[in-house]
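Quick notes on the structure that follows.
The values are calculated or read from the model by the stated rules, or taken from the named source; none is laboratory data. Note that the structure is predicted; figures quoted are calculated from it, not measured. Every residue, glycine among them, receives a Cβ derived from its backbone with ideal geometry; neighbour counts consider all protein chains shown.
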Amino acid sequence: MAIAPERQRAIYEGTRIPHPVPTLLRVSDELNATGDILRVNFGPNHPSTHGVLRLIVDLFGEDVVGLEAVIGYLHTGFEKNMEQKSWWKAITYAPRMDYVSFQNNELAFVLAVEKLLELEPPAKATWMRTCLCELNRLHSHLIWLGTSALELGAISLFWYAFREREQILDLFELVTGARMHTRYFQIGGLAEDIPSGFFPEARKFVEWMPHAIDDYEAMLTRNKIWLERTEGLGLLSADDAIALGQSGPVLRASGVDWDLRRAQPYLAYAECDFAVPVFPEGDVYARYRVHMQELRESTKIIGQCLDRLETMEGEPWIVDDRKVVLPPREELHTSMESLIHHFKIVTEGFRVPEGEVYATIESPRGELGCYVVSDGGPKPWRVKFRAPSFVALQATATCMSEALVADMIAIVGSLDTVMGEVDR
Amino acid sequence: MSLEGVPGLVETKEAFGETTLVVDPARLQEACLHLRDQEGFNMLSDLSAADYLGWGAEGVSGYIGTAAGRDLNRPMTQGLQALPAPKPKRFAVNYHLLAVGPAPKRVRVQTWVDEDEPVPTVIEIWPTADWHEREAWDLFGVVFEGHPNLKRILLDDDWEGHPLRKDYPIGGEPVRFSEER
């Protein structure tokens, strides 16, 4: 296992994963016999559950001695819906699952379909996707930071984080015309060329962002109240994190040096220069530190993407494959073949070769996988998303052992879950 | 990747740069233990079930083709695809394994079962399988034998049927209160 050896130390002895059900903290028989157990229902409509999560908590005094997470309140059958839509219509469903890191979700599905089609998007599309996915990571981390701090009483952080979030949404609007759920990634590349006004605005943002991160850190990193509410809480050891399938910031905060952007590079990450922050403490504070470091690293990557993209003026942004990609609008008036291709792709949709693939990316929440089966027809046979939030919530019972009820908000918040993605 | 020593291995498939190991469901636990302890696949990244009922039949929006290729005398034959190869049983359960560490690698373990045929649980091998197996039970009705808490997870406890099965009606959900006055 890849833990930095000089920082390696046991967070706790052995394993804390409950047995036999790993996601269920059961009240011990002795405690039950005292008759002092208070069962509290928390959620599903509670402002600090990051959506509609229900927790059934057994309390002994202020100690949490039993816990069960109940999910499914936002289940909308996205995967079933995607089976009924043609491939390019199905793209719109993916970003609506994790509505905070929408572009990353869109990317996972698009990459899976491109893998089946064996399509290689042009370099400009790859770098722009990298750029937007990193902007989206900033967006997602800022929402996490703002809401998690808000829940622990640091309300000013919320306004600061949403100030920069607004700038990111403005950038998305500039490029794609939509602030959220941009649907800018097309199978084979990008839906449109990058507007020329994007670069100066994005540059301004990249120059400003490090100062904004300094602001956040000045408010929290050495703040006594913040430290007391986060340090040593919600412990998760490296072995337990791997056994529970954790990924992303949760895994890196448990001392595991693992990031798919570096371990199994996709898009242009192999050519980007960035560090992977790892903190060995495995507590809420370590997760906060990982998020803050990632904000800085993502800003660096965006700068590198802009450097490359500015040299690509006039290059194609989507592959020239008329069986998959819509023909240019102006050709429809003069070319019969273009009109036929346009009609076929819009009505029936294009066909994707038979096969099954599993495409994975590092979304802001961790490993986002997309398993796609095609029968060779114009619609997916099966689409399954490996949602990092769904897996992260499985660690709730382990993180909550020996915790106080007041710390529950901090611990559940630190797992950074989006319920839309958990329930799909 | 040399994974010939996996217990219960039926077939190894290589496609799109991914390795799929088809494993006999009766020896699934043995195979998974071997992959975790001998081959270093310490993480179960994902567990996905898939229903292949009606696989290769004519689709709603178009015709797929014959075993030899396309049929020009039928409408909607733009595509060039032949019929997809038949599947051994109705349900496939896919385990996407990942080796977290300095030498990252992935493999897909696939096992095939028919309706009401149980799959042994891997919850003791990778605790993260808990909710994944509950989800596969909830949406597909695949039974995981030995799972200590196999109940619905995404749908209501009293939901009827398993909606991601291919024979589940679409748009057939009863709308509450529409007939009640």
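Couple of notes before you dig in:
- Every listed requirement among (1) modelled with pLDDT under 90; (2) on the phi < 0 side of the Ramachandran plot; (3) facing chain A (nearest Cβ under 8 Å) is met by B:Q38 save one, (3).
- Positions within region B:100-127 being more than 8 Å from every other protein chain (Cβ to nearest Cβ) and not in a loop (DSSP other than H, G, I, E, B), in sequence order: B:K105, B:V107, B:V109, B:Q110, B:T111, B:W112, B:V113, B:V119, B:P120
- Options A:D215, A:D193; residue that is under 21 Å from A:A268 (Cβ atoms) and surrounded by 14 or more Cβ atoms within 10 Å (Cβ to Cβ): A:D193
- Matching residues, region B:125-145, being touching a residue at least 60 places away in the same chain (Cβ under 8 Å) and either surrounded by fewer than 21 Cβ atoms within 10 Å (Cβ to Cβ) or of a type in the set (A, V, I, L, M, F, W, C) (or both): B:I125, B:W126, B:A129, B:A136, B:L139, B:F140, B:V142
- B:V93 touching a residue at least 12 places away in the same chain (Cβ under 8 Å) and within 13 Å of the chain's Cα centre (by Cα): yes
- Residues being touching a strand residue (DSSP E or B) at 6+ places or on another chain (Cβ under 8 Å), outside any helix (DSSP H, G or I) and either surrounded by 19 or more Cβ atoms within 10 Å (Cβ to Cβ) or β-branched (V, I, T) (or both) - total across region A:250-266: 2
- In the set (1) surrounded by 18 or more Cβ atoms within 10 Å (Cβ to Cβ); (2) within 14 Å of chain B (Cβ to nearest Cβ); (3) of a type outside the set (K, R), A:L235 fails one condition alone, (2).
- Yes/no for A:V110 being among the hydrophobic types (A, V, I, L, M, F, W, C), closer than 26 Å to B:D157 by Cβ, out of contact with any Pro (no Cβ under 6 Å at 6 or more places or on another chain) and in contact (Cβ under 8 Å) with a residue 12 or more places away in the chain: no
- Yes/no for B:L97 being aliphatic (A, V, I, L, M), at pLDDT 90 or above and outside any loop (DSSP other than H, G, I, E, B): yes
- Against the criterion of being of a type in the set (D, E, K, R), within 22 Å of A:P200 (Cα to Cα) and in contact (Cβ under 8 Å) with a residue 24 or more places away in the chain, A:R296 qualifies.
- Meets criteria (modelled with pLDDT of 90 or more, outside any loop (DSSP other than H, G, I, E, B), within 28 Å of A:A94 (Cα to Cα) and of a type in the set (D, E, K, R)) for A:D214: no
- Subset of region A:243-276 that is within 11 Å of another protein chain (Cβ to nearest Cβ) and hydrophobic (A, V, I, L, M, F, W, C) - its residue that is farthest from A:L107 (Cα to Cα): A:A243
- Residues within region A:220-256 that are in contact with a Lys or Arg (Cβ under 8 Å, 6 or more places away or on another chain) and charged (D, E, K, R), tallied: 1
- Subset tally (residues that are part of a strand (DSSP E or B) and farther than 22 Å from B:V113 by Cβ) for region B:1-49: 2
- Taking the criterion of being touching a strand residue (DSSP E or B) at 6+ places or on another chain (Cβ under 9 Å) and more than 7 Å from every other protein chain (Cβ to nearest Cβ), the residues of region A:68-80 that qualify are A:E68, A:A69, A:V70, A:Y73, A:F78.
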